[in-house]
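Each value in this text was obtained by applying a stated rule to the coordinates, not by laboratory testing. All values derive from a computational prediction rather than experimental measurement. Neighbour counts run over all protein chains shown; Cβ positions are idealised from the backbone, glycine included.
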Amino acid sequence: MRILIVEDELRIARAIKRSLETQLFAVDIVATSEDGLSHGYDNDYDLIVLDRMLPGKLTGLDICKKLRADGISTPILMLTALGEVDDRVSGLATGADDYLVKPFSMPELVVRVQVLLRRPKGTVGPVVRVADLEVNAETFETKRGAKLVKLSAREFKLLLYLISNQGTVISKDTIISHAWDEKADIMPNTIEVYIASIRKKIDRAFPDSPALIHTVHGFGYKLGIENV
């Protein structure tokens, strides 16, 4: 999954990026309100970490208001040095989903991000399942039936994205935009290689279980019980 950080304090932004990348998120950073707003309209982002005070004409509150007014429902975690109740209320009232006061601990930020990312999918807890396949977003474990499946970090990230969007056809470009940051130069055939490797480990290694990863020729890939 891909996260946008809108934060002008580079030290803080980089620390957040490092912490989120340890959880296998793809992370982009922008430092101004104008860039934050323009990037916020990008549907490739699964969550926005948004500082309340930013250089430029807009505050984080303004950005949040504009995005929500234009129908952008991407979860927003707002950061601020203002910790009074009225400040938190005003932040949430603009449409932010959660509010974190500086200074904060990185483990707390990571947990809040994980909780927010679960809400739109309607899942409970870190485990996502389809058929006898189970993916745990906190322990990074993948199981098919009772057997652990060993995946690389990138394979795990791609599988988690597919299973979190089970039943939906996902294009190669969409997979790239959600699993790599914007500086990465990834070709579509790279996705084919990763999908082939994941399919070998979770489908072909279990011939008595139904195939779960399906190629929709000309469109992309779909994870689910039924073939397409």
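Below, the figures for the structure above:
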{"item": "Relative contact order %, the chain, counting alpha carbon pairs below 8 Å whose residues are six or more apart", "result": "16"}
{"item": "Expected 222 nm ellipticity per residue - DSSP helices of 4 or more, -39500 (n - 2.57), all of the chain, to 500", "result": "-11000 deg cm²/dmol"}
{"item": "Within the chain: Cβ-based charge dipole about Cα centre, in debye rounded to nearest 20 (Lys, Arg +1; Asp, Glu -1)", "result": "780"}
{"item": "Globularity index of the stretch 2-118, i.e. its alpha-carbon radius of gyration over 2.2 N^0.38 Å", "result": "0.94"}
{"item": "Total charge dipole magnitude, the stretch 108-228, about the Cα centre, Cβ charges on Lys, Arg, Asp, Glu only, Debye to nearest 20", "result": "200"}
{"item": "Cα-projected label distance for Ala146 with Leu82, points at 7 Å along beta-carbon direction, nm", "result": "5.7"}
{"item": "Rounded to 5, percent antiparallel among DSSP beta bridges of the chain", "result": "45"}
{"item": "Correct choice for Cα Rg over 2.2 N^0.38 Å that was computed from the model, options [x] 1.35; [y] 1.15; [z] 1.07", "result": "[z]"}
{"item": "Pairwise FRET efficiency - Asp173 versus Glu9, Cβ, R0 = 45 Å, nearest 0.05", "result": "0.90"}
{"item": "Whole-Å semi-axes of the ellipsoid equivalent to the stretch 127-223 (Cα gyration tensor, √5λ, descending)", "result": "21, 15, 12"}
